[in-house]
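Reviewing the structure listed below.
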Amino acid sequence: MKNYSTSQLSALTRLFSAAVFRELAKKGQSGLFCRLLEQTNLLDNAGSGATVGDVFDQAFEILKVAGQRDEYIYRAAISQKILMGTHSLRTASMLNEFRAGSSKADLVILNGTATVYEIKSERDSLARLANQVDNYKRVFAKVNVIASKDHIEGIIETVPKDVGVMCLSKRFRITTVREAAERPERICPVTVFESLRMAESNTILQTMGVVVPEVPNTQRHATMRDLFSRLDPVELHIEMVRTLKRTRDLSSLSDFVNRLPKSLQAAALSISVRRSDHPKLIDAIETPLQTAMTWS
């Protein structure tokens with residue numbers, strides 16, 4: 001396989017950044033896309049009829065086997081093989097960068113339960129892993145760490161036995177090294193409260209039959225925090241999943257996601273762009289590469 005320089009890999013990785021995705025959606029074109037493309041050799045290898053979408057797919061194919069896979073490749077694997085493979089956008093939802101204690105969860109899938117996936121790509125170290133897992137257990141019933149083969153041994157030595165360990169193979173397959181235990185009883189209701197939007201917390205309390213007293217706005221946070229501290233962890237976890245599946249629902253993105261190349265579907269699920277800009281983004285992706293290289 002061809003070796004790519006660090007700068008080329010960096011440019012390929014940045015093609016999938018929020019900056020490029022949002023520019024394509026907002027303007028229907030992206031000068032940044034062109035500048036990054038010129039730092040790679042993709043133009044040399046593109047066929048005469050290639051589109052912008054073809055180039056994204058080509059970049060993705062390089063990144064997913066380069067031995068330098070970054071977080072986006074792992075996100076794409078989880079999105080394709082678990083969220084839309086095992087489940088679907090109609091039955092499950094996904095949270096990105098969701099706060100849990102002093103950490104931010106890379107990816108959370110909400111189905112009948114809440115499962116968090118901590119990504120440790122080839123570019124990551126395991127230094128913060130123990131603390132991250134400890135935070136995730138306070139919010140989610142199931143905790144998984146997904147990594148490349150080289151990290152697996154270190155992860156097993158670092159995390160407790162109730163944490164799942166998954167491997168993304170060189171062939172872009174996810175295998176389960178160890179199943180995650182489902183433990184909703186260990187969550188911390190106060191940590192859950194700190195992770196939620198105020199309206200979501202309100203809904204959960206009402207659904208659980210807890211009356212929120214009328215207090216001045218300055219006292220509202222402390223009052224609700226106190227009410228959460230008294231909730232049963234298992235019952236709270238059930239209501240948290242139900243509420244978040246409704247408030248963070250992705251099913252409306254289903255048609256949009258299906259019209260994008262597979263390489264960009266994870267971006268569409270994690271980078272928010274206005275619904276009114278969806279047609280512009282699709283048009284940009286379908287643009288012939290020769291036309292796209294005139295974007296500025």
Problem - Contacts under 6 angstrom Cβ, first residue in the stretch 15-30 being on the phi < 0 side of the Ramachandran plot, partner in a loop (DSSP other than H, G, I, E, B) and of a type in the set (Gly, Ala, Ser), 6 or more apart - result: 20/30; 23/30; 24/30
Practice task
Tell me, please, whether a residue that is part of a helix (DSSP H, G or I), of a type in the set (Ser, Thr, Tyr) and either within 12 Å of residue 9 (Cα to Cα) or touching a strand residue (DSSP E or B) at 6+ places or on another chain (Cβ under 6 Å) (or both) can be found in the stretch 68-75.
Solution key: yes
Exercise for the section: Report yes if residue 79 is hydroxyl-bearing (Ser, Thr, Tyr), part of a helix (DSSP H, G or I) and not assigned by TED's automatic domain parsing to the domain that holds residue 147, otherwise no. Expected result: no
Problem - Candidate set from the stretch 230-241 (those that are part of a loop (DSSP other than H, G, I, E, B) and surrounded by fewer than 16 Cβ atoms within 10 Å (Cβ to Cβ)); member that is nearest to the chain's Cα centre (by Cα) - result: 232
Problem - Residues within the stretch 246-264 that are within 15 Å of the chain's Cα centre (by Cα) and under 17 Å from residue 97 (Cα atoms), tallied - result: 3
Problem - Top-ranked residue in the stretch 250-289 [being more than 23 Å from residue 94 (Cβ to Cβ) and in contact (Cβ under 8 Å) with a residue 12 or more places away in the chain; ranked as surrounded by the most Cβ atoms within 10 Å (Cβ to Cβ)] - result: 284
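Tell me, please, whether a residue that is of a type in the set (A, V, I, L, M, F, W, C), under 16 Å from residue 198 (Cα atoms) and out of contact with any His (no Cβ under 6 Å at 6 or more places or on another chain) can be found in the stretch 259-279. Step through it out loud before you land on a result.
Residues of the stretch 259-279 of a type in the set (A, V, I, L, M, F, W, C): 260, 264, 266-269, 271, 273.
Within this subset, residues satisfying the condition of being under 16 Å from residue 198 (Cα atoms) are none.
No, because not a single residue in the stretch 259-279 is of a type in the set (A, V, I, L, M, F, W, C), under 16 Å from residue 198 (Cα atoms) and out of contact with any His (no Cβ under 6 Å at 6 or more places or on another chain).
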Handout entry: Flag for residue 5 being surrounded by fewer than 17 Cβ atoms within 10 Å (Cβ to Cβ) and among the hydroxyl-bearing types (Ser, Thr, Tyr)
Key = yes
Handout entry: Residue in the stretch 91-116 that is farthest from the chain's Cα centre (by Cα), counting only those that are among the small types (Gly, Ala, Ser) and surrounded by 16 or more Cβ atoms within 10 Å (Cβ to Cβ)
Key = 101
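Can you confirm whether residue 144 is buried (at least 23 other Cβ atoms within 10 Å of the Cβ), closer than 29 Å to residue 62 by Cβ and among the polar types (S, T, N, Q)?
Numbers: buried (at least 23 other Cβ atoms within 10 Å of the Cβ): yes; closer than 29 Å to residue 62 by Cβ: yes; among the polar types (S, T, N, Q): yes.
Against the criterion (buried (at least 23 other Cβ atoms within 10 Å of the Cβ), closer than 29 Å to residue 62 by Cβ and among the polar types (S, T, N, Q)), residue 144 qualifies.
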Completion exercise
Every listed condition ((1) surrounded by 22 or more Cβ atoms within 10 Å (Cβ to Cβ); (2) among the small types (Gly, Ala, Ser); (3) in a loop (DSSP other than H, G, I, E, B)) holds for residue 47 save (1)
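The values are calculated or read from the model by the stated rules, or taken from the named source; none is laboratory data. On a predicted model such as this, the values are computed, not experimentally measured, just so you know. All Cβ positions, even for glycine, are placed from backbone atoms using ideal geometry, and neighbour counts span all protein chains on display.
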